[in-house]
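Shown next, in structure tokens, is the structure this report addresses.
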Amino acid sequence: KDFSPHWKSSKQPRKQRKYRYNAPLHVRQKLVSAHIDKLLRKEYNVRSMPVRKGDEIIIARGKYRKRKGVVAKVDLKRMKIFVDGLKRKKVSGQEVDVAIEPSNVVITKLNLDDKKRRKFIERKKVKA
């Protein structure tokens with residue numbers, strides 16, 4: 001068994017990598033979290049949330065910095081997100097979607113279609 005739910009943070013990069021690579025899907029869901037815009041932070045009393053399909057985001061780091069878009073797909077196996085309309089050309093000329101690290105984006109609008117997510121936010125509002 002490679003994954004231990006009792007793992008506590010370690011300074012060793014090899015242990016951090018091992019945890020991420022062997023994490024089950026329910027843990028990976030939390031690992032694709034991103035910070036929330038300052039206005040939403042005050043409104044929902046939450047600093048970050050797992051990214052979902054349909055969330056509106058701004059890319060804050062990297063080659064595609066300052067680009068806005070809607071999350072088209074979240075790949076839990078690779079722990080990357082894909083944004084609508086963000087493509088790059090391969091050497092062959094074929095266009096492919098660009099995989100973005102979730103830590104490099106800021107969520108500007110949450111997709112609240114999911115009942116669980118709405119309940120989570122309502123719980124956080126009550127505490128504020």
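With both residues required to sit in the chain, DSSP beta bridges show an antiparallel share near 90%.
Taking every protein chain into account, the 1.4 Å probe leaves Met49 with about 10 Å² of accessible area, to the nearest ten. Label reach from Glu101 (point 7 Å along Cα→C-beta): in the stretch 30-58, amide nitrogens under 18 Å belong to 30-36, 49-51, 58.
Rolling a 1.4 Å probe over the protein heavy atoms of the chain, with every protein chain left in place, gives an accessible area that is 50 percent carbon and sulfur. If you average the alpha carbon positions of the stretch 32-58 and of the stretch 71-101, how far apart do those two centres end up, in angstrom? Result: 20 Å between the Cα centres. Ligands, DNA and RNA are left out, and with a 1.4 angstrom probe the accessible area of the chain is 74 Å² per residue.
The values are calculated or read from the model by the stated rules, or taken from the named source; none is laboratory data. Predicted model, so just to flag it, every value in this text is computed and none were measured. Cβ atoms come from the backbone with ideal geometry, glycine included; neighbour counts cover every protein chain shown. Ligands, DNA and RNA are stripped out before the accessible areas are found, and what is left, the full protein with its side chains, is counted by its heavy atoms. Shrake-Rupley method; radii C 1.70, N 1.55, O 1.52, S 1.80 Å.
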